[in-house]
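What follows is one structure encoded as structure tokens, with my remarks underneath.
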Amino acid sequence: MSRVPAPFERSLIDLFLGPETLPLDTEPARLLVVDDEPGMLASLRRLLDGQGYRIDTAATGTEAVALLGEREFDLLLLDLHLPDMYGYEVFNHASKRGSEICTIVVSGDSDIEAAIRALKQGAYAFVRKPYEPDELLRTVHNAIAHLRARHENERIRVRLEQSEQLYRYLVDESPDLIYILDTQGRFTFVNHRFETLLGYRGDELLGQHYSMLLHPQEGAGAAHVFQERRQSGRASRNVELRLRSCLGEASRAFDVNLVTLVFNAFGIYSQESDLALGQYIGTYGIARDISEHRRAEAMLAFQASHDILTELPNRTLFRERLELAMVQARRSDQNVAVMIVDLDRFKWINDNLGLLAGDEVLRIAALRIKSCLRSGDVLARLAGDEFTLLLAHANTLEAVGEVAAAIQASLGQPCQAGEHEIYLSASIGIARFPEHGGTAEALIRNADIAMNHVKSGGKNGQAYYDASMRNASHLKVTLERELRHAVREGELVMYYQPQVEGVSGRIVGVEALMRWLHPERGLRAAGDIIPLAEEIGLLGGLSDWMLESTLADLRAWLDTGLAPLRLSVNISPTYLEQDDFIDKVTGALERYRIPAEFLELEVTEGLAIRNFDEAIEKLSFLSDAGIRVAIDDFGTGYSSLSYLHRFPLHTLKIDKAFVSEIRSMHQRAPVVQIILSVARSLELDVVGEGVELPEQEAFLLQHGCNIMQGYLYHRPKPAAEILQLLRAQGSEAHAYA
């Protein structure tokens, strides 16, 4: 983005933040009276003293020059005949200093040449001695008024120049196309956006007909837009056109707003025009590029019915197609089947090889499964590592089994995910219409039960649904039982992800993250725990345990002699709403002897808005006690600046969804930049989450975000491994202020 030119940088700020009052000549004028005659000097002083001026006197040229060097004067009353130098030498000295002093020569010379010489050298007036007091006072007043008028004119000139420069800058740097056409449809003005967006320089377009830019398929509608004569509400609004670009890109779509130019409205008529007739002289237009908007609409429509990663139909579209297939099957007395394919050990791939490798595996699996389908079959990805198939011709179990076997054989071939060679397997559950369910939801649910039956039996196999298999309610009861068992048997553990200083890489804080060491499914994230815990009423107890565990770990770290470290702990809406929330937090800090400033409580942006009145009261109390408060995933909710201003905040955490969009330190990331600007204006700390690339780190550092966390630095780790990291780093770790 172009920088605002320095000469009117202040003007730009004035226009957006309110005009700054310019300094006015409100102080009394300062006069320097120079005369070698003591009587005359005293007379002049007496005459001017009552006029409200600030007066200095000098009896010699040397004294006058010295005073001119010490301070600024508005008016110089100068006698030409001084004992040590000629008066013009004083005059010239004042001129060389660049001062805007106004000079009145008061001299006894009666020679007209003396007056002419004084005026030629720049004197405002020549007053002969002896002078008339009224005449001299009038001359002094006029000189001061002249000087102030000159100052005011200069201020106005500079202000107008700045305003014109700013207007030209705003028009030229506008993200919209701005143009003017004459009555023949030829361009008479185009802004710089034409060059950056369409590739045409201004000199290439001026004088050319607008039709040179039109897409070939744009017809009469374009003529109405570009030859618009109407004004106000009747003028063309929101007319969509396509213009050609010479940048090698696809034609771009525009949302064009046009109004007609008239003298009274826009003032572009010549002064000699007959304004009474309102003569039409051209068209003014603004065209906003909505190409990305149209592409985004198409993408949103696609994403509403498809999985983004694999571009397969999602649950909604799959269900629609399944219901249609079931209607057709009823009419023709045929069978259709639903097959759920769940990749085995996919969690291990994500945890050990990384999310990027996991995504690549999902794409490969989607292609391989799709290659096994027959005409009329449908493949969808409902969630995670589960794929769902609709088999349109499932009249025999053998035919369905052949498809399942082909899928297992295809997935069993080695695949390359980055640098890793991976062998996949899948657990497949099958439900057939009509015997295994009469609705789409029943078929999907029963196929999922059959798939889980295969997983519980050792994975890498296929099974048809049978009524003896556990039903959906049993699955939920089992998971609830497992979670309660996990709480009781200590399967829940706390992991910590370091927050580092981007420049040095030093750990300055940690965020606490809950994990479930499931005996069968491995390490499960908080997303697998919190929703179910909240549903079955365990979340309050889990929150108590998490607060106690994290503070105990922090106490253990501090007891080893490590420097203070800030601990960030997420709190849920349910926990914050408890009546004894404040007592639990302060009590835990006292039990573990943790200073309040070492603890930071993270709340989601949505929580801060939804429970604002209650949250502000409780968190303000804790903030006053020294505990820090952070907004987590900032930018994903709907926070207003007034809420943020009133909320007892110390830190904003930029959601990883915005950070992940950064691919270069030079790209524009408006949401991230706005968040950083808001944080600066509110004097808040900022933490960038989900930093995985050096380019993301460089971008955040360049824009003032110095604290970050993400896989670029450290994955979440158990407390023991965090302690090793801190020891390796040394005892200089300190919390950021």
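The values are calculated or read from the model by the stated rules, or taken from the named source; none is laboratory data. Keep in mind it's a predicted model, so treat the numbers as computed, not measured. Neighbour counts run over all protein chains shown; Cβ positions are idealised from the backbone, glycine included.
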Considering each residue of segment 675-693, count those that are without any contact (Cβ under 8 Å) to a residue 12 or more places away in the chain and either assigned to a helix (DSSP H, G or I) or touching a Cys at 6+ places or on another chain (Cβ under 7 Å) (or both), and give that number.
2
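Every residue, every condition in (1) at pLDDT below 85; (2) assigned by TED's automatic domain parsing to the domain that holds R566; (3) of a type outside the set (F, W, Y), yes or no:
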site: A463; (1), (2), (3): no, no, yes
site: R481; (1), (2), (3): yes, no, yes
site: E535; (1), (2), (3): yes, yes, yes
site: L551; (1), (2), (3): no, yes, yes
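Kindly indicate which of Q696, Q667 is modelled with pLDDT of 90 or more and either part of a loop (DSSP other than H, G, I, E, B) or of a type in the set (S, T, N, Q) (or both).
Just a single option satisfies the conditions, and that option is Q696.
Taking segment 71-83 on its own, how many of its residues are surrounded by fewer than 19 Cβ atoms within 10 Å (Cβ to Cβ) and touching a strand residue (DSSP E or B) at 6+ places or on another chain (Cβ under 9 Å)?
Residues flagged as surrounded by fewer than 19 Cβ atoms within 10 Å (Cβ to Cβ) and touching a strand residue (DSSP E or B) at 6+ places or on another chain (Cβ under 9 Å) within segment 71-83 amount to 3.
Yes/no per residue for (1) under 30 Å from G207 (Cα atoms); (2) outside the structural domain of Q279 (by TED's automatic domain parsing); (3) in contact with a helix residue (DSSP H, G or I) (Cβ under 7 Å, 6 or more places away or on another chain):
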{"position": "V106", "(1), (2), (3)": "no, yes, no"}
{"position": "A125", "(1), (2), (3)": "no, yes, yes"}
{"position": "P133", "(1), (2), (3)": "no, yes, yes"}
{"position": "I178", "(1), (2), (3)": "yes, no, yes"}
Pairing a residue in segment 698-719 that is in contact (Cβ under 8 Å) with a residue 40 or more places away in the chain with any residue that is of a type in the set (S, T, Y) and in a loop (DSSP other than H, G, I, E, B), where Cβ atoms lie under 7 Å and the two sit 6 or more apart in sequence or on different chains, gives I707/Y736
F91 at pLDDT below 85, in the same structural domain as V127 (by TED's automatic domain parsing) and closer than 18 Å to A143 by Cβ:
yes
Taking segment 281-303, which residues are at pLDDT 75 or above and in a helix (DSSP H, G or I)?
A296, E297, A298, M299, L300, A301, F302, Q303
If you go through segment 237-249 one residue at a time, do you hit one that is in a loop (DSSP other than H, G, I, E, B), at pLDDT 80 or above and in contact with a strand residue (DSSP E or B) (Cβ under 8 Å, 6 or more places away or on another chain)?
no
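Anything in segment 553-589 that is outside any strand (DSSP E or B), under 26 Å from Q724 (Cα atoms) and charged (D, E, K, R)? List them, or say none.
D553, R555, D559
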Which of the residues belonging to segment 573-590 are out of contact with any Ser or Thr (no Cβ under 6 Å at 6 or more places or on another chain) and touching a residue at least 12 places away in the same chain (Cβ under 8 Å)?
P573, T574, L576, E577, Q578, F581, I582, K584, V585, T586, A588, L589
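Could you check segment 349-366 and list, in sequence order, the residues that are closer than 14 Å to A426 by Cβ and more than 32 Å from the chain's Cα centre (by Cα)? Break it down stepwise before answering.
Restricting attention to segment 349-366, the residues satisfying the condition of being closer than 14 Å to A426 by Cβ are 349, 361-362, 364-366.
Across segment 349-366, the qualifying residues are I349, V361, I364, A365, A366.
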Inspect all residues belonging to segment 125-134 and state whether any of them is touching a Ser or Thr at 6+ places or on another chain (Cβ under 8 Å), among the small types (G, A, S) and over 30 Å from Q279 (Cβ atoms).
yes
Here the qualifying pairs (Cβ atoms under 7 Å; residues six or more apart or on different chains; first in segment 397-414 and assigned by TED's automatic domain parsing to the domain that holds I430 and over 15 Å from R374 (Cα atoms); second surrounded by fewer than 16 Cβ atoms within 10 Å (Cβ to Cβ) and not aromatic (F, W, Y)) come out as L411/S425; G412/S425; P414/E421
